[in-house]
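Here's the structure, in structure tokens; my notes come after.
The values are calculated or read from the model by the stated rules, or taken from the named source; none is laboratory data. Because the structure is a prediction, the values reported are computed rather than measured. Because the Cβ atoms are built from the backbone with ideal geometry, glycine has one as well, and the counts that use them run over all protein chains shown.
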Amino acid sequence: MQRIPTTQTLPVLGSTATSRACAPDPSKTGLPPQAVLGGANGKGPGVSEVTQPCLSSPSGSGVSGLRERRPLSPRGFRMDLCHPDPGELSSGEAEELQRIKWHRKQLLEDIQKLKDEIADVFAQIDCFETAEESRMAQREKELCIGRKKFNMDPMKGIQYLIEHKLLTPNVQDIAQFLYKGEGLNKTAIGTYLGERDPINLQVLQAFVDCHEFANLNLVQALRQFLWSFRLPGEAQKIDRMMETFASRYCLCNPGVFQSTDTCYVLSFSIIMLNTSLHNPNVRDRPPFERFVSMNRGINDGSDLPEEQLRNLFDSIKSEPFSIPEDDGNDLTHTFFKPDREGWLLKLGGRVKTWKRRWFILTDSCLYYFEFTTDKEPRGIIPLENLSVQKVDDPKKPFCLELCNPSCRGQKIKACKTDGDGKVVEGKHESYRISASSAEERDQWIEAIRASITRVPFYDLVSARKKKIASKQ
């Protein structure tokens with residue numbers, strides 16, 4: 001390919017007009033005109049040494065059909081590249097041009113393929129994220145169902161969670177699930193931990209081990225422990241739980257007590273002290289001296305330091321235990337699987353009239369409603385320390401009576417709603433109830449007797465004190 005001197009006159013786009021096609025504009029170079037146009041004498045190398053030459057046809061007759069100029073602009077010079085008409089290229093140049101075009105086409109196709117692949121990757125990522133969100137939503141839904149099942153029936157709830165791979169059968173995992181307690185009813189947690197099945201006993205131990213009692217006094221440790229679940233009412237269950245607690249506390253705080261029996265007895269003394277100091281139904285508030293006398297000789301025959309007992313006493317006196325209460329949803333759980341339910345007649349307390357009520361027996365309490373569809377009971381009778389027996393009544397047959405045999409003449413601890421919907425203390429020294437038949441009356445008596453519980457703490461403490469005394 002020949003080089004055309006920069007000063008050659010070329011036709012532009014077929015026009016008869018001529019121009020110095022590749023000559024730079026002297027006014028824009030900052031150089032003398034003669035340097036731009038042809039050296040010191042207007043001749044010589046000048047522009048030809050610094051400008052980009054134009055392409056011409058092989059015949060050297062010049063380039064026709066000038067199509068494009070592209071400024072390259074080094075150091076302020078305008079350098080124009082002239083593209084020839086493809087029809088004037090040699091066969092070798094035409095082949096080279098076709099090869100370049102083919103290569104360009106391949107590059108564009110490769111670029112498009114890369115774009116398509118990138119789009120596919122992003123689409124797959126979007127699908128994965130959508131699927132993951134859907135999976136997490138499904139998991140959360142199943143977890144919510146599992147929690148509800150646990151609150152209704154702890155054993156079935158744990159089984160459901162394991163079957164749906166939301167929980168492993170490992171006792172440590174189950175214990176952590178109960179310890180975190182997210183969405184779990186604390187009464188249900190206590191029910192599960194209180195069972196005697198081997199797996200439940202192992203979970204109880206692992207659950208207590210989740211608690212860290214190091215450097216806490218006994219009251220502080222009890223606050224933490226008793227807030228994590230609700231103690232059941234059965235003495236044997238309480239005994240197992242408090243025994244496990246005492247062992248854990250002594251392990252975390254070696255040297256504080258002579259034995260776990262000491263920790264066990266003192267823990268119950270503190271719980272009973274909390275009730276005596278803060279229960280509005282207890283009029284006799286025990287002084288510190290009585291608390292000390294209750295705990296004489298429990299430290300393997302010796303007394304605990306009075307200063308230690310004083311600190312525990314003052315802590316409970318200033319701040320009662322925060323015992324977890326059942327939430328509103330737990331009322332459904334309470335009445336979901338009652339021990340017994342049915343229509344009975346109840347004799348009024350002040351106004352001695354018989355009224356038909358729907359009774360539900362569950363969790364050592366007798367609830368009565370005006371209608372079966374009522375959400376809230378009209379009255380609640382805790383059966384703690386009560387007794388039930390058959391009685392004869394001149395006006396109604398098939399009667400039974402609830403009373404407190406150790407406190408006759410005193411009102412039974414119970415509550416009811418008055419006409420304004422306010423909860424008030426019950427007025428009964430005893431409750432007289434009439435069934436529709438002798439058989440129904442006897443079935444109710446049997447069910448109530450099975451449900452009645454006594455406060456177990458005194459019996460448990462007495463038994464443990466005897467154990468300590470036998471060591472001496």
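Before we move on, is Val121 β-branched (Val, Ile, Thr), part of a helix (DSSP H, G or I) and within 20 Å of Ala246 (Cα to Cα)? Considered against the rule, which asks whether it is β-branched (Val, Ile, Thr), part of a helix (DSSP H, G or I) and within 20 Å of Ala246 (Cα to Cα), Val121 comes out as no. Whether a residue is surrounded by fewer than 17 Cβ atoms within 10 Å (Cβ to Cβ), in contact (Cβ under 8 Å) with a residue 12 or more places away in the chain, touching a strand residue (DSSP E or B) at 6+ places or on another chain (Cβ under 7 Å) and part of a helix (DSSP H, G or I) was assessed, and Arg449 passes this test.
Restricting attention to the stretch 424-444, the residues that are acidic (Asp, Glu) and either outside the structural domain of Gly349 (by TED's automatic domain parsing) or over 23 Å from Gly409 (Cβ atoms) (or both) total 3. Only one entry of Leu193, Leu266 meets the criterion of being within 30 Å of Arg285 (Cα to Cα), in contact (Cβ under 8 Å) with a residue 12 or more places away in the chain and touching a Leu at 6+ places or on another chain (Cβ under 7 Å), and that entry is Leu266. Among the residues making up the stretch 385-397, a single one is modelled with pLDDT under 90 and touching a Lys or Arg at 6+ places or on another chain (Cβ under 7 Å): Asn385. Note on the stretch 360-376: residues that are farther than 18 Å from Val423 by Cα and in contact with a strand residue (DSSP E or B) (Cβ under 6 Å, 6 or more places away or on another chain) amount to 3. Of all residues in the stretch 418-472, exactly one satisfies the criterion of being hydrophobic (A, V, I, L, M, F, W, C), at pLDDT below 80 and more than 45 Å from the chain's Cα centre (by Cα), namely Ala469. Residues that are modelled with pLDDT of 95 or more and small (Gly, Ala, Ser) were ranked within the stretch 230-266; the one that is surrounded by the most Cβ atoms within 10 Å (Cβ to Cβ) is Ala246.
In the stretch 141-175, the qualifying residues are those that are surrounded by 15 or more Cβ atoms within 10 Å (Cβ to Cβ) and of a type in the set (S, T, N, Q), and the one that is farthest from the chain's Cα centre (by Cα) is Gln159. Within the stretch 321-348, track down each residue that is within 30 Å of Arg230 (Cα to Cα), modelled with pLDDT of 80 or more and part of a loop (DSSP other than H, G, I, E, B). Once the filter is applied, which keeps residues that are within 30 Å of Arg230 (Cα to Cα), modelled with pLDDT of 80 or more and part of a loop (DSSP other than H, G, I, E, B), the stretch 321-348 yields Phe321, Ser322, Asp339. Within the stretch 349-375, the only residue that satisfies the criterion of being touching a Leu at 6+ places or on another chain (Cβ under 8 Å), part of a loop (DSSP other than H, G, I, E, B) and more than 22 Å from Lys411 (Cβ to Cβ) is Lys375.
Against the numbered list (1) under 20 Å from the mean Cα position of the chain (by Cα); (2) over 21 Å from Gln236 (Cβ atoms); (3) without any contact (Cβ under 8 Å) to a residue 40 or more places away in the chain, Asp209 comes up short only at (1).
Can you tell me which residues in the stretch 272-303 are of a type in the set (A, V, I, L, M, F, W, C), assigned to a loop (DSSP other than H, G, I, E, B) and within 22 Å of Asp239 (Cβ to Cβ)? The answer is Ile298, and nothing else. Looking across the stretch 382-417, the residues that are more than 41 Å from the chain's Cα centre (by Cα), over 18 Å from Leu345 (Cβ atoms) and basic (Lys, Arg) come down to Arg408, Lys411.
Which residue, of Leu222, Leu178, Leu193, is surrounded by 22 or more Cβ atoms within 10 Å (Cβ to Cβ), assigned by TED's automatic domain parsing to the domain that holds Ser315 and either under 17 Å from Asp239 (Cα atoms) or under 19 Å from the mean Cα position of the chain (by Cα) (or both)? The conditions single out Leu222.
One residue stands out among those in the stretch 349-363 that are at pLDDT 85 or above and of a type in the set (A, V, I, L, M, F, W, C): the one that is farthest from Ser451 (Cα to Cα), which is Trp354.
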